[in-house]
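Read the structure below first, then the notes.
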Amino acid sequence: YRWSLDAAGLARLTSARESLSLRERMGLGYALASQLGAGTLSGDAVLQSLGGLTNDSHPRVVASSLSAIESVWEPLADDATRPALRQWLLRSLTPVYQRVGPSVKPGEDVQITRLRPSLLTWLGTEVRDPEVLALAKQQVPLVLESPDAIDPDLRSTFITLAAVDGDD
């Protein structure tokens, strides 16, 4: 089921997103990506709404917003827009990263554990966040020497991110 709103309706909906159910908040990101693809919403309107979803308190909403960002990234990102989009990603994802952290915590919700690799990948590959890239380079020797010491969901993420800048 797909639905659409004009920019004003979308602004009202996203400002009241706290009153939406988990399923409705998760679906909002996908609806935004669909509207961008259909040409019924501008990239600015989509990104403004997605930015709020990335900071949702529920990791499944954040994960769905990252999937929606992936859907809209290529149509929006080109040489002219990529620097501004990277800054938008940095502003949108840094609070989530600060909340989630770089490693699994004892008793952590499995949804957060599943979210972390995607979050690190966006921050490392598109934003080129120096903290995330340094963390990945720091963790690769441990991944190679004692793989069981690193969360299995993060091993390939760290290896991929450590190679982002080539042979440094």
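Looking at segment 141-168, which of its residues are over 22 Å from the mean Cα position of the chain (by Cα) and assigned to a helix (DSSP H, G or I)? Talk me through it step by step, then tell me what you get.
Of all residues in segment 141-168, those over 22 Å from the mean Cα position of the chain (by Cα) come to 141-149, 166-168.
Those that are over 22 Å from the mean Cα position of the chain (by Cα) and assigned to a helix (DSSP H, G or I): P141, L142, V143, L144, E145, P147, D148, A149.
Among the residues of segment 143-162, those identified as surrounded by 14 or more Cβ atoms within 10 Å (Cβ to Cβ), without any contact (Cβ under 8 Å) to a residue 40 or more places away in the chain and more than 18 Å from Q111 (Cα to Cα) are V143, F158, I159, T160, A162. Of the numbered criteria (1) within 14 Å of A162 (Cα to Cα); (2) assigned to a loop (DSSP other than H, G, I, E, B), the one S103 fails is (1).
Please verify whether segment 120-137 includes one or more residues that are open to solvent by 40 Å² or more (accessible area, probe 1.4 Å) and closer than 20 Å to S57 by Cβ. No, the conditions are met nowhere in segment 120-137.
The values are calculated or read from the model by the stated rules, or taken from the named source; none is laboratory data. Owing to the predicted nature of the structure, the values given are computational and were not obtained by experimental measurement. Cβ: placed from backbone, ideal geometry, glycine included. Neighbour counts: every protein chain shown. When the accessible area is computed, the model is the full protein with side chains, heavy atoms only, and any ligands, DNA or RNA have been set aside. Shrake-Rupley method; radii C 1.70, N 1.55, O 1.52, S 1.80 Å.
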